[in-house]
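The block underneath contains the structure these notes are about, expressed in structure tokens.
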Amino acid sequence: MPTSVPKLPSVANSIASLEFIGFTHATVTHIFSTYSKYKLPSTIPSADNEDFFSFIHGHIIMINSSKFAGSTDRETMTNLGISEDVQNRILDPKFEEVRGTGSLEYWIEDTARVNYLTLVRMIERKKESEQGS
């Protein structure tokens, strides 16, 4: 369990948001710098969010490279830059039967997507709340 409550990032597409959804600091720097270099210009927030998540997806699918062959699930996630908290949730023995319904790639992607979409909604709700005050 995390010992502290993470601070809610103010924007969804940022280094802070990548850490919030479950990547290590070194990894978020890499993902965000790649995103910043190649992102598509848009004025539609939902398109920006889809574009941002495509860079997250691109990082996650590296799990299929030979670099990860023969590694344990924990080693793979560590090398992929998945936070220890997310690793512990994915590998929780209580959910072993459920985890067996999908690949490690699936569970990493699903966790990142759910965390990201939840973050986007929390940021929207916070802004709505601040505007209503």
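None of the figures in this text is laboratory data; all of them are computed from the coordinates on show. The model shown is predicted, which means the values in this text are computed figures rather than measured ones. No Cβ is skipped: glycine too gets one built from the backbone with ideal geometry, and neighbour counts run over all protein chains shown.
Charge tally around residue 107: other residues with Cβ under 10 Å, Lys/Arg +1 each, Asp/Glu -1 each, net -2. Computed extension gain for residue 37 through residue 126, at 0.36 nm per residue and net of the alpha carbon distance, reaches 29.2 nm. The lysines whose alpha-carbon is closer than 18 Å to the alpha-carbon of residue 7, local same-chain residues fewer than 8 away aside, are 126, 127.
What separates the Cα centres of the stretch 99-126 and the stretch 19-88 is a distance of 12 Å.
Contact order, relative form, for the chain: 33 percent (alpha carbon pairs under 8 Å, 6 or more residues apart, mean separation divided by residue count). A dipole drawn for the chain from +1 and -1 charges on Cβ atoms has a positive end, and of 131, 88, 69 the residue lying farthest that way is 131. If a paramagnetic tag sat 7 Å from the Cα of residue 96 along the Cα-Cβ line, which residues of the stretch 45-74 would have the backbone N under 16 Å from that point? So the set is 73-74. Think of each Lys and Arg Cβ as +1 and each Asp and Glu Cβ as -1; about the Cα centre, that makes the dipole of the chain roughly 280 debye. Sorted fewest first by neighbouring Cβ atoms within 10 angstrom, 53, 23 come out as 53, 23.
Convex hull volume of the Cα atoms of the stretch 15-132, normalised per residue: 123 Å³.
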